[in-house]
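Colleague: Sharing a structure below in structure tokens format, with a few things to ask.
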Amino acid sequence: MVDPFRTDEDEMANGAHGLAEATPHYHGHRERLRERFRKAGEDAVSDYELLELVLFRAIPQRDVKPLAKELVAKFGSFAEVMAAPRTRLKEIKGVGDAVIDELKIVHASAKRITRGEATKRTVLSSWASVIDYCRTAMAYEDKEQFRLLFLDKRNQLIADEVQQQGTVDHTPVYPREVVKRALELSATALILVHNHPSGDPTPSRADIQMTQAIIDVAKPLGIAVHDHIIVGKDGHASLKGMKLI
């Protein structure tokens, strides 16, 4: 039924209301955030805002700010969200395969970039890049990993391999298997790397003993162990730097 008392002003107001409903409230927010990132760079956005920028691609038609904030609150930081296991990410409401794929693409890209920086020169002359790569690759994992960097006689990287994956606080390492793989690759030096999911990179007695066991097996075969690096969310530790090997 037509309302005989309806005015042109009422029609205009209703039209404006309909337009507002057609344009999601977060549309302007997305453009403003992108513009701030373009003009001021990464330091101008917080962890959850940077995460929003990633989520825009995976969730084009929903306000992603609440989800971004929830993910950072749950896992602790942007980096920890990127490195979180798929199974734990799926526990968050609103996180599906498209979101997880986007996060893992960013994480893989970061590892690829830092690995490139670490390996474009001799490893020992780009030590800071090696540390950055190891932290990007492993510091935020929720289980221990034992990684080996195999070097040639010029200290250039031959191979980078995760040899073992363990539990939240233990990874089994077999010195003879480490040296066997080095011989297969004709490596003359090794850098050992593992992570502490607790966040604290302080080496344990078992870490020191395991390192010495590998040195004892490798040395007679002409294979040097340059260092054992332990990485965690709170930083890194070098057994050589601490004069523990």
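The values are calculated or read from the model by the stated rules, or taken from the named source; none is laboratory data. Remember, predicted model here, so these are calculated numbers, not experimental data. Cβ: placed from backbone, ideal geometry, glycine included. Neighbour counts: every protein chain shown. What goes into the accessible areas is simple: the full protein's heavy atoms, side chains included, and nothing from ligands, DNA or RNA. Shrake-Rupley method; radii C 1.70, N 1.55, O 1.52, S 1.80 Å.
Colleague: If I filter the stretch 74-99 down to residues being more than 16 Å from the chain's Cα centre (by Cα) and part of a loop (DSSP other than H, G, I, E, B), which single residue comes out as surrounded by the most Cβ atoms within 10 Å (Cβ to Cβ)?
Modeller: Val95
Colleague: Same structure again: Run Leu103 past the list (1) at pLDDT below 90; (2) open to solvent by less than 20 Å² (accessible area, probe 1.4 Å); (3) within 15 Å of the chain's Cα centre (by Cα) and report the number of the one that doesn't hold.
Modeller: Going through (1) at pLDDT below 90; (2) open to solvent by less than 20 Å² (accessible area, probe 1.4 Å); (3) within 15 Å of the chain's Cα centre (by Cα) one by one, Leu103 breaks only (1).
Colleague: Another question, if that's okay. Sort out which residues of the stretch 62-109 are closer than 13 Å to Glu52 by Cα and among the acidic types (Asp, Glu), and write them in order of number.
Modeller: Selection gives Asp63, Glu70, Glu102.
Colleague: Further, regarding this structure: Could you tell me which numbered condition Ala137 fails, if it satisfies all but one of (1) under 19 Å from the mean Cα position of the chain (by Cα); (2) modelled with pLDDT of 95 or more?
Modeller: For Ala137, the failing item is (2).
Colleague: Next up: Checking Ala224 against (1) over 17 Å from Met138 (Cα atoms); (2) free of Cβ contacts under 8 Å to residues at least 24 places away in the same chain, which single condition isn't satisfied?
Modeller: Failing condition for Ala224: (2).
Colleague: Need at least 3 residues that are farther than 30 Å from Leu89 by Cα per element, so show me which strands (runs of 3 or more DSSP E) inside the stretch 141-201 make the cut, counting only ones lying wholly within it.
Modeller: 157-165, 189-195
Colleague: Please list, ordered by first then second residue, the pairs with beta carbon atoms under 8 Å, 6 or more apart or interchain, first in the stretch 124-144 and under 19 Å from Phe78 (Cα atoms), second assigned to a helix (DSSP H, G or I) and open to solvent by 50 Å² or more (accessible area, probe 1.4 Å).
Modeller: Asp132/Glu117; Tyr133/Lys111; Tyr133/Arg115; Tyr133/Glu117; Thr136/Lys111; Ala137/Lys111; Ala137/Arg115; Asp142/Arg88
Colleague: Right, here's the next one. Can you tell me which of (1) surrounded by 14 or more Cβ atoms within 10 Å (Cβ to Cβ); (2) closer than 20 Å to Val130 by Cβ is the one Asp234 doesn't meet?
Modeller: It fails just one condition, (1).
Colleague: Give Leu71, Leu50 a once-over and let me know the one that is open to solvent by 40 Å² or more (accessible area, probe 1.4 Å) and among the hydrophobic types (A, V, I, L, M, F, W, C).
Modeller: The match here is Leu50.
Colleague: Let me ask something else. Failed condition for Arg30, given (1) crowded, with 17+ Cβ neighbours inside 10 Å; (2) at pLDDT below 90; (3) closer than 22 Å to Lys233 by Cβ, with all others met?
Modeller: Unmet for Arg30, out of (1) crowded, with 17+ Cβ neighbours inside 10 Å; (2) at pLDDT below 90; (3) closer than 22 Å to Lys233 by Cβ: (3).
Colleague: Test Ala218 against the stated conditions and say whether it is buried (at least 19 other Cβ atoms within 10 Å of the Cβ), touching a helix residue (DSSP H, G or I) at 6+ places or on another chain (Cβ under 8 Å) and in contact (Cβ under 8 Å) with a residue 24 or more places away in the chain.
Modeller: Considered against the rule, which asks whether it is buried (at least 19 other Cβ atoms within 10 Å of the Cβ), touching a helix residue (DSSP H, G or I) at 6+ places or on another chain (Cβ under 8 Å) and in contact (Cβ under 8 Å) with a residue 24 or more places away in the chain, Ala218 comes out as yes.
Colleague: Moving to a separate point now. Restrict the check to the stretch 115-132 and report whether at least one residue is open to solvent by 20 Å² or more (accessible area, probe 1.4 Å), modelled with pLDDT of 90 or more and among the hydroxyl-bearing types (Ser, Thr, Tyr).
Modeller: Checked the stretch 115-132: no residue is open to solvent by 20 Å² or more (accessible area, probe 1.4 Å), modelled with pLDDT of 90 or more and among the hydroxyl-bearing types (Ser, Thr, Tyr).
Colleague: Please specify each residue of the stretch 179-207 satisfying the condition of being among the aliphatic types (A, V, I, L, M) and open to solvent by less than 50 Å² (accessible area, probe 1.4 Å).
Modeller: Once the filter is applied, which keeps residues that are among the aliphatic types (A, V, I, L, M) and open to solvent by less than 50 Å² (accessible area, probe 1.4 Å), the stretch 179-207 yields Val179, Ala182, Leu185, Ala187, Ala189, Leu190, Ile191, Leu192, Val193.
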